[in-house]
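For reference, the structure discussed in these notes is given below.
The values are calculated or read from the model by the stated rules, or taken from the named source; none is laboratory data. None of these values were measured; they are calculated from a predicted model. Here Cβ is always computed from backbone atoms with ideal geometry, including for glycine, and neighbour counts include all displayed protein chains.
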Amino acid sequence: MKLATWNVNSLNVRLPRVLDWLAANAPDVVCLQETKLEDAKFPRSELEGAGYASAYSGQKTYNGVAILSRSGCVVSDVETGLAGFDDDQRRAIAATVDGVRVVCAYVPNGQSVDSDKYAYKLRWCEAATRALEAELARHPELAFCGDLNIAPEARDVHDPAAWEGQVLCSPPEREAFARWIALGLKDSFRLFDQPPKTYSWWDYRMLAFPKNHGLRIDHILVSEALAARCRGCTIDRNQRKGEKPSDHAPVVAEFAF
DNA sequence: ATGGCAATGTTTCATTGA
C-alpha cells in the first residue's frame, strides 16, 4: 500500500497537477488538505475518471480535507471533524481503507504565538489527541496524516535559531506533537535514513525553494502495527517545481501489503 | 533595504497562509 498526504493549496487550481501526480505515482490512498472547495464543487467525477473514489469535507476559501482511494479499495466508516470537538472549520476526515484507519488532518496554522488562532491551534491539537486515542483503541492499523503545521525538531527547520519559539516550532506545539508520539504513533519519515535538510513546505516568497529554506510540517504518523510494515517514507520535492506548484510537497509512505 | 508570493472573495484591496 502506498499512502500519501499533500496540502494542495486549492484543489481547484491544483487539480491538473494532482491528476498528473496520481497517474505517475499510483498511490492507493491520498490525504489532501486545503482543498478550499465546498462539497458541491468537489471534483468527484474528474477523480473517478482517474480511478479514485473521494471522501471529503470542505468549505469555501479556507481549509477543506479529502481522502482519495484507488478504485477497488474497500472504504468504510467515513467520519468528519474531531469527535467531541465542535468546530466550524473543515479540518479533519477519517476513513477505513482496506482495513487501515486513515485520519487526515489540516492542523490550524496558529498565525503567531500571541494570537487567538494559536490558542485555537493548541485546543485543536488536544482534541486531536483525544480523538486519536479513541481511534487507536478500535483500529490497531492507523495512520495520522496531514499538514500538521508543526516542525517537530530543529533538524526539520532550515534556520532553527531564527524559528526558535515561533509558531510551528514553539515548545507547546512540539509538546502536542510529542503527545501524538506518546500514543504509540511513529513519525514514518524518521523510521528511515533521510537526506539532511529535507522539508515539505517552502514559502512562495524570498526564493525560499531555490534556497531550500523550508520546514518539515507535513507528516505521516503510523501506529506500531503499521510501522512494522512500513518500507519507506519520502517527500516528493519535485512537486514544488514548475508551473503553479503548491507551497507544500507530497509525503509518501509505503507499506508491505 | 525587514519586502518579496499565491489564492480567495469581500475583487482592483484585504485577508490568510506558514
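Under the condition of being touching an Asp or Glu at 6+ places or on another chain (Cβ under 9 Å) and either modelled with pLDDT under 95 or among the charged types (D, E, K, R) (or both), which residue from the stretch A:191-225 is farthest from A:L32 (Cα to Cα)? First the steps, then the outcome.
Let us first name the residues in the stretch A:191-225 that are touching an Asp or Glu at 6+ places or on another chain (Cβ under 9 Å), namely A:198-204, A:208-209, A:213-223, A:225.
After this cut, where a residue has to be either modelled with pLDDT under 95 or among the charged types (D, E, K, R) (or both) as well, the list is A:203, A:216, A:218.
Working: A:D203: 19, A:R216: 16, A:D218: 11 Å.
Residue satisfying both the conditions and the ranking: A:D203.
Please indicate, with yes or no, whether at least one residue in the stretch A:101-120 is away from DNA strand B (no atom under 16 Å from the Cβ), out of contact with any Leu (no Cβ under 6 Å at 6 or more places or on another chain), within 30 Å of A:N25 (Cβ to Cβ) and in a strand (DSSP E or B).
Checking the stretch A:101-120: at least one residue is away from DNA strand B (no atom under 16 Å from the Cβ), out of contact with any Leu (no Cβ under 6 Å at 6 or more places or on another chain), within 30 Å of A:N25 (Cβ to Cβ) and in a strand (DSSP E or B).
Filter the stretch A:121-132 down to residues that are more than 11 Å from A:A83 (Cα to Cα) and either among the charged types (D, E, K, R) or touching a Cys at 6+ places or on another chain (Cβ under 8 Å) (or both) and give me whichever is farthest from DNA strand B (Cβ to nearest atom).
A:E126
Collect the residues in the stretch A:163-186 that are touching a strand residue (DSSP E or B) at 6+ places or on another chain (Cβ under 6 Å) and among the charged types (D, E, K, R), keeping them in residue-number order.
A:K186
For the stretch A:4-16, does any single residue satisfy the condition of being within 16 Å of DNA strand B (Cβ to nearest atom), within 19 Å of A:L132 (Cα to Cα) and part of a strand (DSSP E or B)?
yes
Taking A:W21, is it surrounded by 15 or more Cβ atoms within 10 Å (Cβ to Cβ), more than 13 Å from DNA strand B (Cβ to nearest atom), modelled with pLDDT of 95 or more and not in a loop (DSSP other than H, G, I, E, B)? Don't jump to the end; show me each part of the working.
Working: surrounded by 15 or more Cβ atoms within 10 Å (Cβ to Cβ): yes; more than 13 Å from DNA strand B (Cβ to nearest atom): yes; modelled with pLDDT of 95 or more: yes; not in a loop (DSSP other than H, G, I, E, B): yes.
It is true that A:W21 is surrounded by 15 or more Cβ atoms within 10 Å (Cβ to Cβ), more than 13 Å from DNA strand B (Cβ to nearest atom), modelled with pLDDT of 95 or more and not in a loop (DSSP other than H, G, I, E, B).
Name the residues in the stretch A:160-202 that are assigned to a loop (DSSP other than H, G, I, E, B), over 19 Å from A:T234 (Cα atoms) and small (G, A, S), would you? Show your work before the answer.
The initial filter retains those residues of the stretch A:160-202 that are assigned to a loop (DSSP other than H, G, I, E, B), namely A:164-170, A:183-185, A:192-200.
Still in the running and over 19 Å from A:T234 (Cα atoms): A:164-170, A:183-184.
Across the stretch A:160-202, the qualifying residues are A:G165, A:S170, A:G184.
Residue-by-condition table, conditions (1) within 24 Å of A:L19 (Cβ to Cβ); (2) surrounded by fewer than 17 Cβ atoms within 10 Å (Cβ to Cβ); (3) without any contact (Cβ under 8 Å) to a residue 40 or more places away in the chain:
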{"residue": "A:R90", "(1), (2), (3)": "yes, no, yes"}
{"residue": "A:T96", "(1), (2), (3)": "no, no, no"}
{"residue": "A:V102", "(1), (2), (3)": "yes, no, no"}
{"residue": "A:N109", "(1), (2), (3)": "no, yes, no"}
{"residue": "A:S112", "(1), (2), (3)": "no, yes, no"}
{"residue": "A:A131", "(1), (2), (3)": "no, no, no"}
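Out of the residues in the stretch A:164-208 meeting the condition of being charged (D, E, K, R) and within 16 Å of DNA strand B (Cβ to nearest atom), tell me which one is surrounded by the most Cβ atoms within 10 Å (Cβ to Cβ). Show your work before the answer.
The first filter runs over the stretch A:164-208 and keeps only residues charged (D, E, K, R), leaving A:164, A:173-175, A:179, A:186-187, A:190, A:193, A:197, A:203, A:205.
In the following step, the residues that additionally are within 16 Å of DNA strand B (Cβ to nearest atom) were identified as A:164, A:173-174, A:197, A:203, A:205.
Numbers: A:E164: 12, A:E173: 24, A:R174: 16, A:K197: 13, A:D203: 13, A:R205: 8.
If we take residues in the stretch A:164-208 being charged (D, E, K, R) and within 16 Å of DNA strand B (Cβ to nearest atom), then A:E173 is surrounded by the most Cβ atoms within 10 Å (Cβ to Cβ).
Here are some residues: A:L47, A:L136. Which one is surrounded by fewer than 21 Cβ atoms within 10 Å (Cβ to Cβ), touching a strand residue (DSSP E or B) at 6+ places or on another chain (Cβ under 6 Å) and in a helix (DSSP H, G or I)?
A:L136
Being within 16 Å of DNA strand B (Cβ to nearest atom) and surrounded by fewer than 20 Cβ atoms within 10 Å (Cβ to Cβ): is that true of A:L32 here?
No.
Got a sec? Which of A:A50, A:A55, A:A26 is closer than 18 Å to A:R90 by Cβ and either in contact (Cβ under 8 Å) with a residue 12 or more places away in the chain or touching a Pro at 6+ places or on another chain (Cβ under 8 Å) (or both)?
Just a single option satisfies the conditions, and that option is A:A55.
Give the residue that is farthest from A:C230 (Cα to Cα), with candidates limited to residues of the stretch A:154-166 that are over 17 Å from the mean Cα position of the chain (by Cα) and charged (D, E, K, R).
A:E164
For the stretch A:65-74: of the residues being crowded, with 18+ Cβ neighbours inside 10 Å and out of contact with any Asp or Glu (no Cβ under 6 Å at 6 or more places or on another chain), which is nearest to A:V18 (Cα to Cα)?
A:L68
Report the residue count in the stretch A:217-257 for those that are near DNA strand B (Cβ under 10 Å from one of its atoms) and in contact (Cβ under 8 Å) with a residue 40 or more places away in the chain.
7
How many of the residues in the stretch A:174-197 are of a type outside the set (A, V, I, L, M, F, W, C) and under 13 Å from A:A143 (Cα atoms)?
4
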